[in-house]
Amino acid sequence: MANLVLALLAAAAVAGVLAAVPRDVTAVMLLVGYTAYAGLLTLGLAVATALTDRLPVVGAGTVDGEPAVGVRARPAEWWYAVALDVGLLVLGCALVGVGLAAGGEWALWSLPIGLVGAWFGVRALLAITGRRRVEALWLTADHVVHDAPWGRERVGRDQVSEVRPISGTSYVLVRVDGPVERTLCPRWWRGPDRRARPADDTGGGTGRVELRCADVGHEPADLGAWLRDELGLEAGRRRTTR
């Protein structure tokens, strides 16, 4: 419903501006074009959400070419965000072109707009190339792999000492004995840290992996129980390593 309301607001805004502004005001028409584009994308997301009859379930996948089993967030919202980012890149480039063609102060003021558009373009590129990832948790033969918008973290299955929900949150905690291998997205495009407690940014943090279950459509207790079973851990007890 929220997406449908946003799509209707975008349609109303487009209709209102087209009725009030001459078509030869190029910069405004470009903004109208992007608003219409974003509105259509949002309408498509609303329809896709309405037609979705099941949230993601545990299934097969691959991690760096290696067979894996796990759960992944529904990708519709992810690709919706990527499409918006690409649209903002195109809009920024178009506005820069209009500003440079106009010359003078318009050319000067168009440059920051171009930088903003480039930022969104890089963010889209990082998503398409796999540096920014859809939230997911994978189990390979040897590793537990967590994908997130800020990057990827990986630990050995035998490193995991405890799995439990984090009380009062939508997170599952995977407690680890030893280092966590992290491949992080560049800082400017990493986005907000949505973990219950932030991990370090050194690429060699220790201690914990946190999965946000709200993104994958499962209760923390259920996902934690599945993961404990897969890893051979007992509920309420920690595995000790020598």
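The values are calculated or read from the model by the stated rules, or taken from the named source; none is laboratory data. Just so it is clear, the structure is predicted and the values come from calculations on it, not from any experiment. Every residue, glycine as well, gets a Cβ built from its backbone with ideal geometry; the counts of neighbours run over all protein chains shown. Side chains are part of the model used for accessible areas, which takes the heavy atoms of the whole protein and leaves out ligands, DNA and RNA. Shrake-Rupley method; radii C 1.70, N 1.55, O 1.52, S 1.80 Å.
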Restricting the range 19-40 to residues that are among the aliphatic types (A, V, I, L, M) and farther than 26 Å from ALA81 by Cα, the residue that is least open to solvent (accessible area, probe 1.4 Å): VAL21
Would you pick out the residues in the range 48-69 that are open to solvent by 70 Å² or more (accessible area, probe 1.4 Å) and not in a loop (DSSP other than H, G, I, E, B)? ALA50, LEU51, ALA60, THR62, PRO67
Does LEU89 fit the bill of being part of a helix (DSSP H, G or I) and open to solvent by 40 Å² or more (accessible area, probe 1.4 Å)? yes
Of the residues in the range 126-152, those that are out of contact with any Gly (no Cβ under 8 Å at 6 or more places or on another chain), among the acidic types (Asp, Glu) and farther than 17 Å from GLU219 by Cα come to ASP147
When you go through ALA225, ALA221, ALA141, ALA214 one by one, which is the residue that is among the hydrophobic types (A, V, I, L, M, F, W, C), outside any strand (DSSP E or B) and at pLDDT below 90? ALA214
Out of the residues in the range 148-168 meeting the condition of being within 27 Å of VAL82 (Cβ to Cβ) and open to solvent by 10 Å² or more (accessible area, probe 1.4 Å), tell me which one is farthest from the chain's Cα centre (by Cα). ARG154
Among the residues of the range 95-108, are any assigned to a loop (DSSP other than H, G, I, E, B), over 22 Å from the mean Cα position of the chain (by Cα) and free of Cβ contacts under 8 Å to residues at least 24 places away in the same chain? yes
